[in-house]
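The structure under discussion appears below in the form of structure tokens.
FYI, it's all coordinate maths here, none of it is from the lab. Quick caveat: nothing in here was measured; it's all calculated off a predicted structure. Neighbour counts are summed over all protein chains in view; Cβ atoms, including those assigned to glycine, are modelled from backbone coordinates with ideal geometry.
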Amino acid sequence: GAGVSQSPSNKVTEKGKDVELRCDPISGHTALYWYRQSLGQGLEFLIYFQGNSAPDKSGLPSDRFSAERTGGSVSTLTIQRTQQEDSAVYLCASSSPYGTDTQYFGPGTRLTVL
Amino acid sequence: DAKTTQPPSMDCAEGRAANLPCNHSTISGNEYVYWYRQIHSQGPQYIIHGLKNNETNEMASLIITEDRKSSTLILPHATLRDTAVYYCIVKADSWGKLQFGAGTQVVVTP
């Protein structure tokens with residue numbers, strides 16, 4: 001079946017502009033995660049949604065970052081007033097409500113802030 | 001979640017088995033061992049996970065020691081496409097973030 005999809009695959013923006021990154025999880029998956037990976041760095045957790053529960057926002061680096069998940073499916077990560085240090089690959093993962101929390105990742109969105 | 005220790009790099013000859021070790025000496029009873037890999041410029045790919053018993057799937061085998069303080073991921077016949085960073089992650093049996101370490105850079109050579 002279809003995996004996790006993310007769009008756009010690449011985004012180049014100017015410092016100070018807002019960007020929106022989209023994630024379509026695997027159908028039926030109730031948990032959705034956002035991570036980011038800066039050049040040469042490890043994967044860093046950002047935010048997590050599970051069903052109708054309040055999201056775990058503990059990994060968001062600043063209040064310029066926010067995320068929504070509408071209808072329990074698609075999620076949008078928004079970065080306001082982008083800075084050069086926001087340049088990274090943003091990865092989305094989802095997991096099924098059944099069994100263990102095995103997370104399946106999308107291909108990522110490469111964000112470059114000039 | 002418990003911390004893991006992996007060697008930073010490993011070379012493997014194509015066609016041979018690759019044995020990737022991971023230490024997780026502080027693992028708790030409800031924590032699973034997960035393995036992911038990340039091929040250059042791609043998202044992480046789930047490989048396998050286990051709790052106590054050894055596991056095998058179409059990609060790999062996972063051997064967990066009886067005391068669960070270490071494990072080994074086995075790629076039975078490594079190919080060039082298996083060149084990637086391999087991450088061993090210990091995670092509780094509940095929904096929540098994966099904590100990625102530095103992983104092991106595996107290079108498969110012809």
Residue count, region A:5-40, condition more than 10 Å from every other protein chain (Cβ to nearest Cβ), farther than 11 Å from residue A:94 by Cα and either of a type outside the set (Ser, Thr, Tyr) or touching a Phe, Trp or Tyr at 6+ places or on another chain (Cβ under 6 Å) (or both), comes to 16
For region A:83-97, which residues satisfy the criterion of being more than 19 Å from residue A:8 (Cβ to Cβ), more than 11 Å from chain B (Cβ to nearest Cβ) and part of a loop (DSSP other than H, G, I, E, B)? A:83
Would you be able to say whether some residue in region A:12-29 is surrounded by 16 or more Cβ atoms within 10 Å (Cβ to Cβ), assigned to a loop (DSSP other than H, G, I, E, B) and over 11 Å from the mean Cα position of the chain (by Cα)? yes
Scan region B:8-27 residue by residue and report those that are surrounded by 15 or more Cβ atoms within 10 Å (Cβ to Cβ) and of a type in the set (Gly, Ala, Ser). B:18
What single numbered condition from (1) among the hydrophobic types (A, V, I, L, M, F, W, C); (2) more than 12 Å from every other protein chain (Cβ to nearest Cβ); (3) crowded, with 20+ Cβ neighbours inside 10 Å fails to hold for residue B:33? (2)
Go through (1) in contact with a Phe, Trp or Tyr (Cβ under 9 Å, 6 or more places away or on another chain); (2) in a strand (DSSP E or B); (3) surrounded by 14 or more Cβ atoms within 10 Å (Cβ to Cβ) for residue A:100 and report which single condition fails. (2)
Sort through A:77, A:46, A:60, A:32 and tell me the only one that's in contact (Cβ under 8 Å) with a residue 12 or more places away in the chain, surrounded by 14 or more Cβ atoms within 10 Å (Cβ to Cβ), within 11 Å of the chain's Cα centre (by Cα) and not in a strand (DSSP E or B). A:60
